1. Run A141 past the list (1) surrounded by 17 or more Cβ atoms within 10 Å (Cβ to Cβ); (2) modelled with pLDDT under 90 and report the number of the one that doesn't hold.
2. Report, by residue number, each residue of segment 100-116 that is surrounded by fewer than 14 Cβ atoms within 10 Å (Cβ to Cβ) and more than 15 Å from G56 (Cα to Cα).
3. Considering only residues that are touching a residue at least 40 places away in the same chain (Cβ under 8 Å) and not aliphatic (A, V, I, L, M), look in segment 64-75 and name the one that is surrounded by the most Cβ atoms within 10 Å (Cβ to Cβ).
4. How do the pairs read when you match residues in segment 183-203 that are in contact (Cβ under 8 Å) with a residue 24 or more places away in the chain with residues anywhere that are among the small types (G, A, S) and exposed (fewer than 15 other Cβ atoms within 10 Å of the Cβ), using Cβ under 8 Å and keeping only pairs 6 or more apart or on different chains?
5. Of (1) at pLDDT 85 or above; (2) more than 23 Å from the chain's Cα centre (by Cα); (3) among the aromatic types (F, W, Y), Y209 satisfies all except one. Which?
6. Do you know which residues across segment 52-77 are out of contact with any Leu (no Cβ under 6 Å at 6 or more places or on another chain) and not in a loop (DSSP other than H, G, I, E, B)?
7. Can you find even one residue in segment 183-191 that is crowded, with 16+ Cβ neighbours inside 10 Å and touching a helix residue (DSSP H, G or I) at 6+ places or on another chain (Cβ under 8 Å)?
8. Which members of segment 89-99 meet the condition of being in contact with a strand residue (DSSP E or B) (Cβ under 7 Å, 6 or more places away or on another chain) and surrounded by 18 or more Cβ atoms within 10 Å (Cβ to Cβ)?
Amino acid sequence: MLVFDWQRDSSGYELRELDHVILEPSDSELDYRPAGLQIIRLGGKLEAYRPLEIDGLYRMLCECPKTPEGALGFVEKFGMPEHPEVQCYSPHRLYPFIDGLTIAVGRYDEGDWRGLVRVINSAWNHTGLGEGATGVQLSFATGMERPEFGLRPRDLIAAIYLQLALDISGGIKLRKCGRCPTWFKYGPGTEHRSTARFCSRTCSNAHSYKRQKNGKAEA
């Protein structure tokens with residue numbers, strides 16, 4: 001069982017050039033002193049959500065362009081990668097994670113299991129992800145017969161790597177929707193047949209409508 005809540009700024013984020021020093025709380029390695037182009041929180045309320053309910057987060061990060069605009073797009077969707085409360089974040093901090101995941105997913109798609117294990121373990125050792133990245137906990141709520149064991153990732157990056165590891169070990173298959181950017185699970189035990197091309201009935205109907213409309217226009 002995965003236990004992971006994350007937060008996003010309800011007012012959003014923007015890129016801003018900074019020419020002065022900003023200090024963050026010194027309770028983590030994020031107390032760096034940023035300068036230059038940064039992703040800035042716009043100061044809204046932090047709203048909680050559960051990223052791991054979204055399939056294929058690791059593939060979405062792989063698709064993220066290694067540009068300030070690409071990093072901003074990712075942060076706008078999912079929040080600051082390493083701590084939701086920081087006021088600014090350098091886009092360049094995200095690029096090594098994109099590189100590592102892209103290589104790992106490539107090995108996964110090729111079925112190169114030995115290469116995949118080397119890449120994943122190397123990423124954990126060289127990015128700091130292995131340093132307390134995932135903790136364990138017991139949870140109990142009304143209606144439960146006994147406490148449940150759970151894994152709690154340290155931050156969004158650790159959660160994404162953990163999602164990849166669980167999908168690999170569980171043999172999960174993902175496909176990108178033929179109409180929108182959504183990745184979805186398919187095959188036995190999922191909501192989609194092995195032949196499914198679309199993530200939802202909405203996308204399937206929209207595709208059919210467009211095809212019918214184009215057919216009438218050609219006629």
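The values are calculated or read from the model by the stated rules, or taken from the named source; none is laboratory data. Note that the structure is predicted; figures quoted are calculated from it, not measured. Neighbour counts run over all protein chains shown; Cβ positions are idealised from the backbone, glycine included.
1. The single condition A141 does not satisfy is (1).
2. Here is the first cut: in segment 100-116, the ones surrounded by fewer than 14 Cβ atoms within 10 Å (Cβ to Cβ) are 109-114.
Matches in segment 100-116: E110, G111, D112, W113, R114.
3. Going residue by residue through segment 64-75, those that are touching a residue at least 40 places away in the same chain (Cβ under 8 Å) are 68-69, 72, 75.
Restricting the remaining residues to those that are not aliphatic (A, V, I, L, M) gives 68-69.
Details: P68: 17, E69: 10.
Filtering first and then ranking leaves P68.
4. Sorted first by the residue in segment 183-203, then by its partner, the pairs are C203/G178.
5. Only one criterion is unmet by Y209, namely (1).
6. E53, L57, R59, M60, E69, G70, G73, F74, V75, E76, K77
7. Kept after step one, since they are crowded, with 16+ Cβ neighbours inside 10 Å, are these residues of segment 183-191: 183-186.
Add one more test, that the residue is touching a helix residue (DSSP H, G or I) at 6+ places or on another chain (Cβ under 8 Å), and what stays is 183.
Yes, segment 183-191 contains a residue that is crowded, with 16+ Cβ neighbours inside 10 Å and touching a helix residue (DSSP H, G or I) at 6+ places or on another chain (Cβ under 8 Å).
8. Of segment 89-99, the ones in contact with a strand residue (DSSP E or B) (Cβ under 7 Å, 6 or more places away or on another chain) are 89-91.
Result: Y89, P91.
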